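Down below is the structure, laid out as C-alpha cells.
No value in this document is a laboratory result; all are computed from the given coordinates. A quick note: this is a predicted structure, and the numbers were derived from the prediction, not measured. Reconstructed Cβ throughout: ideal geometry from the backbone, glycine too, with neighbour counts over all protein chains shown.
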Amino acid sequence: MNSEQKQLVTATVPTLREHGVALTTHFYRRMFEHNPELKNVFNMGNQQNGKQQMALAMAVLAYAEHIDNPSVLTHAVTKIGHKHVSLDIRPEHYAIVGRHLIASIGEVLGEAATPDLLNAWATAYQELADLMSGLESGLYRDAVAQEGGWTGWRPFTVKRKVEESAEITSFYLYPTDGGKVATFLPGQYVSLRLFLPELNLFQPRQYSLSSAPNQEYYRISVKKEAGSQHPDGLISNRLHQHVQEGDLVELASPAGDFTLDTSRQTPVVFVSGGVGQTPLLSMLEHLVETGSNREIVWVHGSRNTKVHAFREPVAKLTAHHSNVQKHIFYDQLEPNLAVVEGHYEGIVDLQKLNGGSLLREADYYVCGPAPFIRKQMKDLAALGVSREAIHFEEFGPATLTA
C-alpha cells in the first residue's frame, strides 16, 4: 500500500467505530445470499447471536487502526489463522470474502465510498489475505508432515462416551481408517463437523482436547446446552442426545495457539470456570504423565458438585502428586464441603488465595467465558502478576483478543 491509500483507510476508522457492526452484518448477509455454500463453513449459531459480526467488526477496526504497523496484530492474526485451518479455509475463500467485503463497504457507505477509497481497502484486504494464506499454508504443511497428520475432514469413530457430570460428557474419538492420529500441543482443539437436518447444513464446532496427547485417540468433553434448540447449541446437544458409541463424526486436525509452554520450568497456575477446564486438563495430564517437577496449582469454579466434571480424577492427581494442589469454588458450598480444605463458596476469587498458592513468578493459564476471563485478568493484575505471564483462551469468537 502507498501512503495515500493508508491515509484513506485510516480515515475510515471513526466510521468503523460507529457503524462497524452494521457493515459486517450487511457483509455476511450479502455473502450468504450469493454464496450459500459457505453456510457449511461458518458457525451459523454465532451468526444468529451476533458474535461473529461483532468479532469481525473489531478485527476490521483493529486492522484499520494499525495499517501503518500491522505487525502489532501478529498474535491476533496467528489465532485467527489457527481457527481458519481448523475449518479448512483455503485461499479461494479469501477471494470470495474480499469481493463481498469491498462491495459491502460501497453499499453501506454510499457516496462516501469513492473509487479511491474502495481501491485502498481492496489493496489493504489483499495484503491481509496474502499474509493469512501464507501463515495458514505453513500450518497445513506442518499438519501433514507429522505421523498421523492430515488436512481437511477425516472420519472418526466414537468408541467411548463417558458421562463426566450432569452436564459434561466425554467422547473418545478414534480414526475410522485405523491409522494413528497426529500428536498435539496440550491446550489445542479440534473442529468437529456434523450434518444438521434442521438446517440442512454441515456445521463445524471447535472443542478443546481434554486429555494428554497419546497418538491413538482424541478426547473431547462437551457441555450440554440445556433447553437450547438454537444453532449455537445444536451440535453439542446432538452429540449428547443422538451420537452414540460406534457412530461417525468428522474432525479437522488439531489447531490453536493457547498451548502449554513445555520449555519453561516455572510454577504453573491453571484457572478455569465450568467447561473452560477442558484445555487445562490436557495441560495438567501432560505435566503429570511426563513426570514434571513444576509446582502446579489447579483453581476451578463450578456451580455445584453435580455439574463439576472431572472432580474425582483431579482429586486423585492431587492426592498422588505432592507438586499438585487444588482449590475449588462452588456457587453454593455444600455442608459436607464447608470444612474441607481447598473448597470455597462463591465465584473464583484469586484474592482468597493470595498466599503461597499464587506466585508472581508462575505462568497463569486462564480459560472460561469472557466475563470470567476479564475478572481473573483484573485480579491477577491487582496481585502484581505481569501481563506476559498470563495466557488465556476465550471460547467462541475471540472478541477479547480482537
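The table for this structure:
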quantity: Net charge dipole size for region 128-275 [Lys, Arg +1 and Asp, Glu -1 on Cβ; Debye, nearest 20]; calculated: 220
quantity: Answer label, with volume of the Cα convex hull per residue in Å³ calculated from the coordinates and candidates [x] 181; [y] 141; [z] 151; calculated: [z]
quantity: Separation in nanometres of the label points that stand 7 Å from Cα toward Cβ, at S71 and K316; calculated: 5.0
quantity: Separation of the Q146 and Q332 label points, Cα + 7 Å toward Cβ, nm; calculated: 4.5
quantity: Extended-chain gain in nm, criterion 0.36 nm per residue less alpha-carbon gap, A22 and E388; calculated: 128.3 nm
quantity: log10 of Debye I(q)/I(0), alpha-carbon scatterers only, for region 203-311 at 0.10, 0.16, 0.17, 0.23 Å⁻¹; calculated: -0.35, -0.87, -0.96, -1.44
quantity: Of K51/K180; K180/K326; K83/K375; K180/K378; K224/K375; K180/K224, those spanning more than 32 Å from alpha-carbon to alpha-carbon; calculated: K51/K180; K180/K326; K180/K378
quantity: Rounded if a/c under 1.5, otherwise prolate or oblate - region 268-394, Cα gyration tensor axes; calculated: rounded
quantity: Theoretical FRET efficiency, 1/(1+(r/R0)^6), r = Cβ-Cβ of A129 and E198, R0 35 Å, to 0.05; calculated: 0.60
quantity: In order through region 315-322: 3J(HN,Hα) via Karplus (6.51 cos²θ - 1.76 cosθ + 1.60), integer Hz, x for Gly, Pro; calculated: 4, 5, 4, 5, 6, 9, 9, 5
quantity: The chain: angle of helix 13-34 to the longest principal axis, Cα-based, in degrees nearest 10; calculated: 90
quantity: Residue-span extension gain [L118 to R264] - 0.36 nm each, minus C-alpha spacing; calculated: 47.9 nm
quantity: Difference of contour (0.36 nm per residue) and Cα-Cα distance, R29 to E92; calculated: 20.7 nm
quantity: Estimated distance in nm for a label pair at N214 and D177, the labels positioned 7 Å out from Cα along Cα-to-Cβ; calculated: 2.2
